[in-house]
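**Student:** Following this message is one structure expressed as structure tokens.
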Amino acid sequence: MTREISEDIGKLLHSHKKVFAVAPMIDWTDRHCRYLHRQISRHALLYTEMVVADAIIHGPRDRLLGHDAAEHPVALQLGGSDPVKLAEALRIAEAYDYDEINLNVGCPSDRVQSGTFGACLMLTPETVASCIAAMKAVSKAPVTVKCRIGVDEQEPEEALPELITRVLDAGADAIWIHARKAWLKGLSPKENREIPPLDYDIVYRMKQRWPDVFIGINGGIQTLDQVEAHLAHVDGVMLGRAAYQNAATLADVDHRFYGEPAVEADWNGLRDRMMAYVEHHIANGGRLQHVARHMVGLFTGLPGSRRYRQILSTDANKAGAGPEVIAAAFAAVDFAGERERVSA
């Protein structure tokens with residue numbers, strides 16, 4: 001896939017067309033995961049893991065920012081709270097040709113909090129606005145924000161509109177909202193994804209308040225039916241763990257949300273493309289497991305999926321493991337069997 005076959009993200013964010021995205025997930029949505037997802041959906045907007053501005057400035061840039069051309073449209077999510085550093089990181093990232101730049105204002109982990117960025121930035125919307133202004137000054141790609149509805153004792157009806165107002169005034173092109181509060185103390189990142197109650201209605205109200213602004217929603221969404229229901233109220237939907245843990249769900253995205261013809265998924269073609277990708281990755285010093293770990297949940301619900309998972313989980317870790325492991329795993333799956341679909 002080349003970038004030319006996908007719409008320009010800047011135009012898309014301002015076109016009132018609907019966007020389906022796979023959410024940025026630390027330790028999960030790396031370049032190998034994104035390559036896999038792109039083989040299943042041509043149009044889903046993919047996000048990197050959060051990459052910290054300091055790491056880009058001082059660290060291994062190619063490893064942090066490199067990606068396959070096939071991944072487009074792909075967005076870079078940045079972490080940071082220093083406008084100067086974020087601008088410098090973006091100058092470096094320009095060479096990697098991302099379609100969107102997103103600032104993380106939602107991650108509640110202790111590690112992120114210690115760097116005074118992520119969800120704790122909800123407490124200082126003026127800082128977020130300064131960061132967005134600095135990023136917009138140097139970025140050729142659209143600059144967006146992904147936030148929570150509030151943190152700790154904040155009143156979301158006050159905190160969320162204030163943040164949105166400030167970042168829009170600073171030039172933000174779109175807002176993605178995880179429809180939960182984050183609790184900065186007392187809850188783990190996992191608990192922060194599950195315990196604070198979801199409030200989709202407040203996100204809908206933000207869209208009603210800013211009808212001409214792209215506003216997308218994230219949090220607790222499990223099926224494509226739910227995605228479709230949300231798209232009646234907002235401009236975009238991010239699917240997170242549901243997309244990762246059962247990536248075959250993405251096979252219906254292009255038809256349901258981008259007007260592509262309904263076609264039967266070509267799983268044999270996917271097998272061959274992933275085998276070729278793995279062969280290239282290994283030839284360049286990588287290991288099969290770097291790629292295979294993202295494929296384990298691919299066929300949840302199909303006959304043979306348990307054996308498929310066993311092969312990828314065990315054989316991919318063996319010394320010298322290569323593309324043949326993927327072939328063996330796919331051979332264990334009965335693609336003609338009845339699929340227990342939770343999204344259709």
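**Student:** Would you kindly calculate the translational diffusion coefficient of the range 199-277, applying Stokes-Einstein with the Kirkwood radius from alpha carbon pairs, for 4 °C and a viscosity of 1.567 mPa s, and quote it in µm² s⁻¹ without decimals?
**Tutor:** After rounding, the answer is 90 µm²/s.
**Student:** Here's a follow-up. Of the cross-linked pairs 146/181; 17/140; 85/136; 18/190, which ones have a Cα-Cα span greater than 18 Å in the structure shown?
**Tutor:** The answer is 17/140; 18/190.
**Student:** Pull up the DSSP beta bridges for the chain and report the antiparallel fraction as a percent, rounded to 5.
**Tutor:** Given both bridge residues lie in the chain, the antiparallel proportion sits at roughly 0 percent.
**Student:** Remind me, what semi-axes does the range 36-129 give for its equivalent ellipsoid, largest first in whole Å, using sqrt of 5 times each Cα gyration tensor eigenvalue?
**Tutor:** 24, 15, 12
**Student:** On a 0 to 90 degree scale, rounded to 10, what angle separates helix 125-138 from the longest Cα axis of the chain?
**Tutor:** 70
**Student:** Let me ask something else. Using the eigenvalues of the Cα gyration tensor, what equivalent ellipsoid semi-axes result for the range 114-205 when each is taken as the square root of five times the eigenvalue, whole Å, largest first?
**Tutor:** Largest first, the range 114-205 gives 23, 15, 12 Å.
**Student:** Give the accessible area for residue 18 in Å² (nearest 10); use a 1.4 Å probe, count only protein heavy atoms, and leave out ligands, DNA and RNA.
**Tutor:** Surface accessible to solvent at residue 18 totals approximately 70 Å².
**Student:** Against the 2.2 N^0.38 Å scaling, with N counting residues, where does the range 267-332 land? I'd like the Cα-based Rg ratio to two decimal places.
**Tutor:** It is 1.01.
**Student:** Provide the FRET efficiency to the nearest 0.05 for the residue 94-residue 279 pair, computing r from the beta carbons and using R0 = 35 Å.
**Tutor:** Between residue 94 and residue 279 the formula returns 0.70.
**Student:** If you count only protein heavy atoms with a 1.4 Å probe, what accessible area per residue comes out for the chain, rounded to a whole Å²?
**Tutor:** 43
**Student:** Measure off, as a whole percent, the carbon and sulfur share of the 1.4 Å-probe accessible area of the chain, all protein chains present.
**Tutor:** Reported share for carbon and sulfur atoms: 50 percent.
**Student:** How high is the relative contact order of the chain, in percent, with contacts defined as C-alpha pairs under 8 Å that are six or more residues apart?
**Tutor:** 15
**Student:** Can you tell me the orientation of helix 200-209 relative to the chain, as the angle in degrees between its alpha-carbon axis and the longest Cα principal axis, to the nearest 10?
**Tutor:** 50
**Student:** I'd like the per residue volume of the convex hull spanned by the Cα atoms of the chain, given in cubic angstrom.
**Tutor:** 133
**Student:** As a test of reading the structure, rank 263, 333 by solvent-accessible area (1.4 Å probe, protein chains only), most first.
**Tutor:** So the residues, ranked largest to smallest area, are 263, 333.
**Student:** Between the helical axis of 267-283 and the dominant principal axis of the chain, each derived from Cα atoms, what acute angle in degrees is found, rounded to the nearest 10?
**Tutor:** So the helix axis and the longest Cα principal axis differ by about 80 degrees.
**Student:** Dipole magnitude of the chain about its Cα centre, charges +1 at Lys/Arg Cβ and -1 at Asp/Glu Cβ only, in debye to the nearest 20?
**Tutor:** That gives the chain a dipole magnitude of about 600 debye.
**Student:** Okay, next question. Rounded to the nearest 500, what is the chain's calculated 222 nm mean residue ellipticity when only DSSP H runs of at least 4 contribute -39500 (n - 2.57) each, over all residues?
**Tutor:** Calculated from helices alone, the mean residue ellipticity at 222 nm is -11500 deg cm²/dmol.
**Student:** Give the calculated FRET efficiency between residue 268 and residue 228 to the nearest 0.05, with a Förster radius of 35 Å applied to their Cβ-Cβ distance.
**Tutor:** Computed FRET efficiency for residue 268 and residue 228 comes out at 0.75.
**Student:** Right, something else. Which residue, chosen from 217, 234, 90, occupies the Cα position most advanced towards the positive end of the dipole of the chain, where the dipole is computed from +1 (Lys, Arg) and -1 (Asp, Glu) charges on Cβ about the Cα centre?
**Tutor:** 90
**Student:** Which of the GluC sites (Glu not before Pro) found in the range 217-282 are in a DSSP loop and have at most 15 neighbouring Cβ atoms, other than their own, within 10 Å?
**Tutor:** Those satisfying the criteria are 264.
The values are calculated or read from the model by the stated rules, or taken from the named source; none is laboratory data. Note that the coordinates shown come from a computational prediction; the quantities given were computed from them, not determined experimentally. All Cβ positions, glycine included, derive from the backbone under ideal geometry; neighbour counts span all protein chains shown. Ligands, DNA and RNA are excluded from the accessible area calculation, which covers all protein heavy atoms including side chains. Shrake-Rupley method; radii C 1.70, N 1.55, O 1.52, S 1.80 Å.
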